[in-house]
Amino acid sequence: MGSRTVLRAGIASLVLLQATAAWAATAPDWMRAQVNAPVPDHDDETDAVMLYSATELIVLAPGKMKRIDRRVLKILRSGGESWGAVRADFTPQNKITAIRGWSIPAQGKDFQVKDKEIVETAITDVDGGELISDVRRKFMRIPAAVPGNLIGYEIEQEMQPYEMTDEWDIQETVPVREARYTVKLPQGWSYKTFWLNYAGPTPTEAVAGQWSWVLNDLKPVKIERRMPPWRGIAARMVLSLQPPGGNGGGFQSWQEVGTWYLGLVDGRRDPSPPLHDKALRLTASAPDPLARMRALATYVQRDIRYVAIELGVGGVQPHPATEVLANGYGDCKDKVTLMSSMLKEVGIESHYVLINTHRGSQGADTPPNMSFNHAIIAIQLPASVDKSQLPAAITHKTLGPVLFFDPTDDLVPLGYLSGELQANYGMLVTPGGGELIALPQSSSALNGRERTGKFTLDEHGTLSGEVRETWSGDGAAGQRYALRSAQQDVDQIKPIESMLTHSLSEFQITKASVVNLRALEKPLVWSYALDIPRYPRSAGELLIIRPRIFGTLSSGLLETDEPRQHPIEFDAPARNTDVFEITVPAGYVPDSLPPPVSKDLGFISYNSSTTFSGNVLRYTRTLELRELSVPVAKAPSLKSFYRTIENDERNSALLKKAQ
Amino acid sequence: MVQGIARLAPLLLLILAIPARAEQPWEPISPEELKMTSEPKAPKAPAIYLMRKVDRDDAQSTESVYLRIKVLTDEGRAFGNVEIAYIASQESIRALQARVVHADGSIVEFDGTIYDKPLLKAHGVKQMAKSFTLPGVDVGSIIEYRYRRQMRYGWIFDSRWLLSADLFTRYGKFSLRPADDWLLRWSWPIGLPPDTTQPLQTGGVIRLETHDVPAFVSEEYMPPENAMKFRVEFVYADPESNQRNEDDYWKAQTKRAYGRVKSFARTSKTLEQEVARLVQPGDSPETQARKLYARAQQLRNLSFERRATEQEVDREKLATNDTADDVLKHGYGDGDEVTLFFYALLRAAKIDASVLLVSTRDDYIFDPRMMNGHQLNTCVVMATFGNDTMYLDPGVSFMPFGYLPWNETGVQGLRLGPHGAVEWAVTSLPGPAESRVERKVVVKLDTSGTLEGKVTATYTGLEASRRRIAERNEDATERRKFLEDEIEADVPTGIDVKLTNSPDWTGAETPLVAEFEFSVPGWAAAAGNRALVPVGLFGGSEKHTFEHGARVHPLYFSHPYQHTDEISIELPPGWQVASMPKPRAVDIKVIKYGSSAQLNGTTLTLKRELLLNTIMIQQKFYPQVHDFFQAVRAGDEDQIVITRGAAPRAAQN
């Protein structure tokens, strides 16, 4: 009897589902309205155009909002089919209550994505690869997302945000014909807008408490290599919402954001006896405050394993320092929490700094928000510490000398910052609240590679010699990273082999060693020896020798068909030098030597020279990058600059027998 | 009745005396394991498996796993993060225990949270993972965990022991108790690790112990990864089939498959009429076959269309093809149906042909001794014309007559015949001359060192079909970009290139011809009053080929090929050649390279040829291959010295 009842219920619900599906298989009116919409201007490589983009935000109460996003696209090329694969992330605080997709084929009936076709997955491609996270993703593939057809989708979310702000991303990587945003506020609420990369229009208030913004014919953001984060340069509106009375609304200032975060971390840095003892033990032999900082930094960098368990508010709130110590693991904010707590135990004050590692995502003009993906620490330097020896230090207007340090990055020592953090903006959280500050930019002298090679050419044409490479800064970190992932002896030399192959057709590495692999505070030094058979080419009596034996500093970055549209972003200021000396068999003199090159664009410079003295052919060059961001107007000169380097790299010296 | 209870009592007491979930003790750890800091057989390893035990019981549908990992470097501490995936509706993970044993012997039992992490939910299937992270894992620590995978009772499927793992395995122990009522076959396709004795069945359980299994590494140009891992494969078969030996097994497979093919490709009046419509009475059998092949390729090939969603497929309501007649009537078929339709046409035309079941070599290295019929995953037609046998597969779009797609070439196939005899054949492997890339370049060199002119690239055979297949669903813009990018990638410096013609993307029998306008700024480098012109204009593809000195796996290529370049360079007025490099020829039998430069008046002619005539090279020959590609790069870097005005006599070669 029981099973018959279940069966009947099952049939009834099935019928209902089918009826719903049949009714809903027609695309909604807002999508159908776009069928005859004109296609915005585009080039022949444009995969799709967005005909309609609408976002509606309904504020329900402090900490409670509902948002509906609707999009309609016309697929123009097969590459545009990927727009039919729609992904939406959600968390327990940010639920997706509905996700629907349709297509209107150029011929035939509409399609609608069925509920059973929607896939739910864990997020596997997030920064750091969290072990446990409650961020999930819904994914749907809209049928018939092929050239000529319209696709559309709608996503409804119920949000319980930590901050009463919303963002409207207006521009896309395809042209947008019409973009609209509507906010509905309860009585007494107000809003404030911040426009980024766009001069926003005045909204219309159709009915009381409901405002709309409409923009038309927005150009696409073209994706280029080494461009700033595209969302950072695209048109965007940030909406800060305020309830009556002003409490529980969106952030109005960075100070407010910091104060809110301070509440989250309250008590998390409280010590325990084991933590206190551990801090003292680690610093017992440290003679001064800087040595104590180094001891604790090394411990947190190396001994606390990076593991992220981020559930609920755990995405922004760190675990208590005592727990991190006991577990021996934690994520970036956990590491900052433990280090800050330990520093306090040895008499040194420190503060959280929240930052986005995609430099350009947050800027001086960015309105207060929590779009950070990383945490580092700001250490207040005691008076006895010489700040001038610490490139990652600044003088703060109220805290005095402050040193920034990233305890998650186990390849960059205390005193330095990796390139992605330099000249980036982070929120410093002090007892007084938050403050957006610019992190320091290091000198190019602190990052790069000095390579010296001394070679001898024998009468058979084999060039043999030894090379010493001294790596510092991000360059050293990159080498250390590559070396530590080597699981076998033969893997260790592979990066050198690849680099040599780029310039040399034949070679044999006869020995190789690396020092200071673990000593982060020292430069990493590679020493290797190699034989290069048949290095010079002969042309009658002439010997053709390329004085730049190996190593590539030129770049094809700007060798594109289309003119550059965005600034060029570099990882970090850097200086790379090469010195090659080739002792040639006696009796040769130069017939011609490559001309010296000296080019300085201000933000970057290159110098090279080739000399011949005694029987030594000597080549030296230096490439120095001084700025992290190069304006687009300077792209043509940078392209020409790289071509100059490429020509220099290919130049040869011609030697002839002395008469 | 009372007596009965009394007799059971001692047994009951015994059962009660054992805890309901008796915890097995952890296996002892030796002092050497505690103290070790490295493994000489795996230097630089971040961690190693000290022990891997997998005990599977298909009679009870369980699998017990016990892993012991030694952490040797900081990076190895990541093995303290554990994720065990499972399918929620089919299996569960039980009795999960973990601990960390420090180098000093102190033990920390794991009592932290085990998270049940959802990985994927789709179409009623929920993939989950048990996730946990072990605290206090240091370099020198030993991580141990064990669990039991309880599968749905009675759920029997083929399984494997994967002896090669991501880490070096010092000791591995595997066992399998087969399910009752099924016939189980097992095999070890690429052999076993050195000093490992083959699996033995004792007491109804198959067992194997192994030692010192290297960590598996991936390399460029290697055979299918799974085929290169040490493993033992278990295949269940119907005990009624009486297929205990290889011959019986394949006889049964042949009989079954032939029955299906025969039914599908049975001749009919419709097919005969179609053949009559297509061929002329005087056509030779091969000419007839070509016409019928072309007809088969005209069909809509569903296997080469964009992957449609389920709804699109449902809406189209394509009728199934049960016979070749259906294929003709409907005008479409998937790849195998198109091939079988062609076979049916051949039969209707009375041409000697049979169907060969083959295993594509991108997925498998097929070995009939493994007795795994599932690996025969596609079919080709074997046709005989006089003394010639041809292997044909019109089920692959853009495949010229006489060619097979690369993954069906040179593979063993089961020939299906009416007598049920087991007959193996090896499909043809086209020679290098049958798949060519020919580039003809006519350019002028200006005084700034820039080359400017035209390139004509002609792709034939598998080189043409590969490109047509890759771009079959793309538009003209994307195809133009595809061809231009290829040329750019082949030239080892920045160039400007623009496609100027409309290549034939739809043909199968015709070469794919692409014409470009082309300039290479600064190709000739200035050296005083001379300029140096490298001869290897299209050496970009070989720039980084086999650049590393060490190699673990054999080298594996898709197909033999021949790439030839002929470049005519008109020198700037008043410039002369001062010296030219000697011709180069490097030949290691299966790969050949040659380059030469010639001067005719004021025009330099550079020729380059690279020829591959194999699909597999054993690892022991890697040094020769490595040296070969070094020699190729050296040849490409040869330089012609040109000079303004008359060439100095002394500088002429």
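Bear in mind that the values in this text are calculations on the coordinates, not laboratory data. Keep in mind it's a predicted model, so treat the numbers as computed, not measured. No Cβ is skipped: glycine too gets one built from the backbone with ideal geometry, and neighbour counts run over all protein chains shown.
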**Message:** For the pair A:LYS522/A:VAL616, report the inter-label distance in nm, with labels modelled 7 Å from Cα in the Cβ direction.
**Reply:** 2.7 nm
**Asked** On average, how many beta carbons from a partner chain sit within 10 Å of the beta carbon of a residue in A:480-486?
**Response** 2
**Asked** Among B:608-620, A:140-152, A:276-288, how do they line up from the highest to the lowest mean number of other beta-carbon atoms within 10 Å?
**Response** A:140-152, B:608-620, A:276-288
**DSSP-defined beta bridges in the protein assembly as shown - what % are antiparallel, rounded to 5** = 90 percent
**Prompt:** Ordered by packing density, taken as the mean number of other Cβ atoms within 10 Å over each peptide's residues, highest first, how do A:542-548, B:316-322, B:630-636 rank?
**Reply:** A:542-548, B:630-636, B:316-322
**Asked** For the residue pair A:ASP115 and B:ARG644, what label-to-label distance in nm results when each label sits 7 Å from Cα along the Cα-to-beta-carbon direction?
**Response** 8.1 nm
**Item:** DSSP bridge orientation in the range B:529-653 - percent antiparallel, rounded to nearest 5
**Value:** 100 percent
**Request:** Please say if the protein assembly as shown is rounded, prolate or oblate, where rounded means a/c under 1.5 for a ≥ b ≥ c the square roots of the C-alpha gyration tensor eigenvalues, and otherwise the choice is prolate for a/b larger than b/c and oblate otherwise?
**Result:** rounded
**Asked** Using θ = phi - 60° and the Karplus curve 6.51 cos²θ - 1.76 cosθ + 1.60, what whole-Hz ³J(HN,Hα) does each residue of the range B:476-484 get, with Gly and Pro shown as x?
**Response** 4, 5, 5, 5, 4, 4, 4, 5, 5
**Asked** How high is the relative contact order of chain B, in percent, with contacts defined as C-alpha pairs under 8 Å that are six or more residues apart?
**Response** 9 percent
**Peptide-level mean, for A:489-496, of C-beta atoms on other protein chains within 10 Å** = 3
**FRET E, pair A:THR456, B:ALA550, Förster distance 35 Å, beta-carbon r, rounded to 0.05** = 0.80
**Prompt:** Under a plain spin-label model, where a point goes 7 Å from the Cα along Cα-to-Cβ, how far apart in nm are B:THR202 and B:ASN377?
**Reply:** 3.8 nm
**Request:** Let me see the pair-distance distribution of the range A:385-469: every alpha carbon pair, 5 Å bin width, integer percents in order.
**Result:** 3, 11, 18, 17, 13, 8, 6, 5, 6, 5, 4, 2, 2, 1, 0
**Message:** How would chain B be classified by its alpha-carbon gyration tensor: rounded, prolate or oblate, with rounded meaning a/c under 1.5 and the a/b versus b/c comparison settling the rest?
**Reply:** oblate
**Item:** Charge context of A:ALA519, other residues only, Cβ under 15 angstrom, K/R +1, D/E -1
**Value:** +3
**Message:** Using each residue's phi in the range B:171-185, evaluate 6.51 cos²θ - 1.76 cosθ + 1.60 at θ = phi - 60° and report the 3J(HN,Hα) Karplus result to the nearest Hz, with x for Gly and Pro.
**Reply:** 9, x, 9, 10, 8, 9, 9, x, 5, 6, 6, 10, 8, 10, 10
**Message:** Under the rule of at least 5 residues apart or a separate chain, name every residue whose amide H is placed under 5 Å from the amide H of B:TYR332.
**Reply:** B:ARG300
**Protection proxy ranking of A:594-601, B:42-49 - average other beta-carbon atoms within 10 Å, highest first** = B:42-49, A:594-601
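What average count of beta carbons from other chains do you get within 10 Å of the Cβ of residues in B:476-484? The partial results should precede the final answer.
Working: counts 2, 9, 5, 0, 2, 2, 0, 0, 1.
Taking the mean over all residues of the peptide, I get 2.
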**Prompt:** Under the Karplus relation 6.51 cos²θ - 1.76 cosθ + 1.60, θ = phi - 60°, what is the ordered set of whole-Hz ³J(HN,Hα) values for the range A:567-577, x standing for Gly and Pro?
**Reply:** x, 9, 9, 10, 5, 6, x, 8, 9, 10, 10
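Subtracting the Cα-Cα distance from 0.36 nm times the residue separation, let me have the gained length for A:ALA208 to A:THR97 in nm, one decimal.
Details: separation 111, 0.36 × 111 = 39.96 nm, distance 2.67 nm.
Using 0.36 nm per residue and subtracting the Cα-Cα distance, I get 37.3 nm.
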**Request:** Pull out the extension gain between B:GLN619 and B:THR602, defined as 0.36 nm times the separation in residues minus the alpha carbon to alpha carbon distance; nm, one decimal.
**Result:** 1.5 nm
**Item:** Label-reachable residues, the range B:389-416, where backbone N falls under 20 Å from a point 7 Å from B:THR287's Cα toward its Cβ
**Value:** B:389-390, B:401-402
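For a Förster distance of 45 Å, can you work out the FRET efficiency between the beta-carbons of B:LYS454 and B:GLN273, rounded to the nearest 0.05?
So the FRET efficiency works out to roughly 0.35.
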**Hypothetical label at A:ALA658: residues of the range A:616-639 whose amide nitrogen lies under 19 Å (7 Å Cα-Cβ projection)** = A:616-618
**Request:** Run through all the Cα pairs of the range A:186-274 and give the fraction in each 5 Å bin from 0, expressed as whole percent.
**Result:** 3, 9, 14, 14, 15, 13, 11, 9, 5, 3, 2, 1, 0
**Request:** Mind giving me the FRET efficiency for A:SER272 and A:ASN373? R0 is 30 Å, r the Cβ-Cβ distance, nearest 0.05 is fine.
**Result:** 0.55
**Complete:** For the range A:21-163, shape from the Cα gyration tensor axes a ≥ b ≥ c, cut at a/c of 1.5 then a/b versus b/c, turns out prolate
**Complete:** Relative contact order in percent for the range B:515-619 (Cα pairs under 8 Å, 6+ apart) equals 30 percent
